[in-house]
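Asker: One structure follows; several queries about it will come next.
The values are calculated or read from the model by the stated rules, or taken from the named source; none is laboratory data. Note that this is a predicted model, so its numbers are computed, not measured. With ideal geometry, Cβ positions are generated from the backbone for all residues, glycine too; neighbour counts draw on all protein chains shown. We work out accessible area using only protein heavy atoms, side chains counted, and drop any ligands, DNA or RNA first. Shrake-Rupley method; radii C 1.70, N 1.55, O 1.52, S 1.80 Å.
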Amino acid sequence: MKAQLAAEPETVGVAAPGAFVSFVRFVVCGGGVGVLSSGAVALLAGAMPWVVANAVITVVSTALCTELHALFTFGTGQRAGWRRHWQSAGSATAAYAVTSFAVLALHLVQSSPGVLTEQIVYLAASGLAGVGRFLVLRVFVFAAGAGAGAGAGGREGGAVAPVPVVPVVPVVLVSIASVSRSPLVLAAGA
């Protein structure tokens, strides 16, 4: 038993979640931020042109989503780093173009659509662009080995973050009934 306790713990790489789990996480993170962004665009559009409001919100939401996707959606185990932020920004630029084009097309078809109609078109275009972004992020940006080691400082390491694997050690129950109220036992809260 002593050999088991003295053994160094093994390490393995962080396992990325499967495609389905990643997609569900992507929808929750990206969709949640997207819905909030939709409202923010509508609010900002009252103070500036819609296209500018969409650009501002797209930049802020992309930075937030890239961090969420690195840490949670694709399970890299580390922050996104500059390289992944720039790669993600490329896919967000395409998404911005899709949403802007959709709303522009709506305004060409309907001269003054209501806010609800505009939001439906915007969210539908965001959903379509989101599926495309998921594929780009999963296959290119956050794929195993793609930008691995690109931590918050943007350093490229290529190594997968080690996770300790704790060996299974049998536990022996010890009765403490015969132990008096020594200072050590009192300090431990017993």
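Yes/no matrix, rows are residues, columns are (1) modelled with pLDDT of 85 or more; (2) assigned to a helix (DSSP H, G or I); (3) among the hydroxyl-bearing types (Ser, Thr, Tyr):
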site	(1), (2), (3)
4	no, yes, no
11	no, no, yes
16	no, no, no
20	yes, yes, no
24	yes, yes, no
28	yes, yes, no
33	yes, yes, no
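Asker: Something else about it: All but one of (1) touching a helix residue (DSSP H, G or I) at 6+ places or on another chain (Cβ under 8 Å); (2) open to solvent by 70 Å² or more (accessible area, probe 1.4 Å); (3) modelled with pLDDT of 90 or more hold for residue 109; which doesn't?
Answerer: So the condition that residue 109 fails would be (1).
Asker: All but one of (1) surrounded by 11 or more Cβ atoms within 10 Å (Cβ to Cβ); (2) modelled with pLDDT of 85 or more; (3) assigned to a loop (DSSP other than H, G, I, E, B) hold for residue 52; state the number of the condition that does not hold.
Answerer: Residue 52 satisfies every listed condition except (3).
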